[in-house]
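The structure under discussion appears below in the form of structure tokens.
The values are calculated or read from the model by the stated rules, or taken from the named source; none is laboratory data. What you are looking at is a predicted structure, and each value in this text was computed from that prediction instead of being measured. Note: ideal-geometry Cβ built from the backbone for every residue, glycine included; neighbour counts use all protein chains shown. With ligands, DNA and RNA removed, areas are computed over all heavy atoms of the protein, side chains included. Shrake-Rupley method; radii C 1.70, N 1.55, O 1.52, S 1.80 Å.
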Amino acid sequence: MFYFFAIGIGFLFIEIVLIQKFILFLGHTIFSTTTIIFSMLLFSSLGSLSSQRINVNSLKKAILILFLLIIVYSFLLKFFINNFITLNLIPKIILTSIFIAPLSFLMGFAFPLGIKKINKELIPWAWAVNGSASVLSPILAIMLALFFGYNFVFVLAGLIYLVGVIFV
């Protein structure tokens, strides 16, 4: 169950950080929130759908690639924003969606592959634990960001995914 708690925390940590980072880029909180949430849900659901074709034993590899991608994104994010900030709103929204698509796609693998690895009796508990983490994580993400910064929270999300996969 720790795994499902970890991926719930990690997913929302990344979402909260991306929303905050793209507020200035997209010009308004509403544009950032809707673009990030829509894109992450769309591409993570496509990743979830694609996970049906992947062997359950590939879960650790997928999480490791996700962690490495988070590290790369932590460096690319500032470069991306600085280079495209002068564009109009619609191209920026499209570029933002494309930019976060690979990360979101890989994040979509975590839950369904984890579900495949547990007993059927534990599936309701997995949903409950994951949902609970999703409620707690925005508050925790903001608190951590106030003390350590959003980049710390972003990398911490990757570490949480890595630690969580140990428990599967």
- [ ] Extending each Cα 7 Å along its Cβ direction at residue 90 and residue 159, get the distance between those two points in nm, one decimal.
- [x] 4.3 nm
Task: Virtual spin-label span in nm between residue 125 and residue 37, 7 Å along Cα→Cβ - done: 3.1 nm
Open item on the list: Quick check for you: with a 1.4 Å probe and neighbouring chains kept, what is the accessible area per residue of region 1-149, in Å²?
Closed with: 54 Å²
Task: Label assignment, mean projected area of the Cα convex hull in nm² derived from the structure, set (1) 17.7; (2) 9.2; (3) 14.4 - done: (2)
- [ ] Give me the distance between the Cα centres of region 139-168 and region 45-121, rounded to whole Å.
- [x] 16 Å
TODO: First compute the accessible area of region 55-126 with a 1.4 Å probe, then give the percent of it belonging to carbon and sulfur atoms.
DONE: 71 percent
